[in-house]
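Enquirer: Structure below; questions to follow.
The values are calculated or read from the model by the stated rules, or taken from the named source; none is laboratory data. On a predicted model such as this, the values are computed, not experimentally measured, just so you know. Here the Cβ positions follow ideal geometry from the backbone for every residue, glycine too, while neighbour counts run over all protein chains shown. Side chains included, ligands, DNA and RNA excluded: accessible areas come from the protein's heavy atoms. Shrake-Rupley method; radii C 1.70, N 1.55, O 1.52, S 1.80 Å.
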Amino acid sequence: MQEPTAFDKMKMGALMGGTVGLCIGFVFGGINLIRFGSGTKGPVSMLSQYMLGSAASFGFFMSIGSVIRSEGRLPAGIAWNQKPLPIQINTNNNINKRNE
């Protein structure tokens, strides 16, 4: 079975982010309609503006995030559990000599 391409992952992230953004826009747009009214635009126009704005921003960032998260693996010689370099502490006693 073949792994999805980066473009496929970007599309999937954009769709998921757009769906979440629509829901969030509906909730926050509805709250703002109840609190402040629709003004001169009308309730449907204002609610759709909230929903589309949040869907676009969520979709954009989710598409980028899904590609970044699923980038290729590390090269063969590098492992996450590789031992770190040892920490060396300088044991120079110049500080003690200055205080005397």
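Enquirer: Calculate what fraction, in whole %, of the accessible area of the stretch 6-71 sits on carbon and sulfur atoms when a 1.4 Å probe is rolled over the protein chains.
Expert: C and S fraction of accessible area: 76 percent.
Enquirer: Based on the Cβ-Cβ distance of residue 70 and residue 27, what FRET efficiency does E = 1/(1 + (r/R0)^6) give at R0 = 35 Å, to the nearest 0.05?
Expert: The pair residue 70/residue 27 has a calculated efficiency of 0.75.
Enquirer: As an exercise, use a Förster radius of 30 Å and the Cβ-Cβ distance of residue 15 and residue 36 to find the FRET efficiency, rounded to the nearest 0.05.
Expert: Working from the Cβ atoms, E equals 0.45.
Enquirer: Another one. Can you tell me the mean projection area, over all orientations, of the convex hull of the stretch 6-71's alpha carbons? Units nm², please.
Expert: About 4.3 nm², averaged over all directions.
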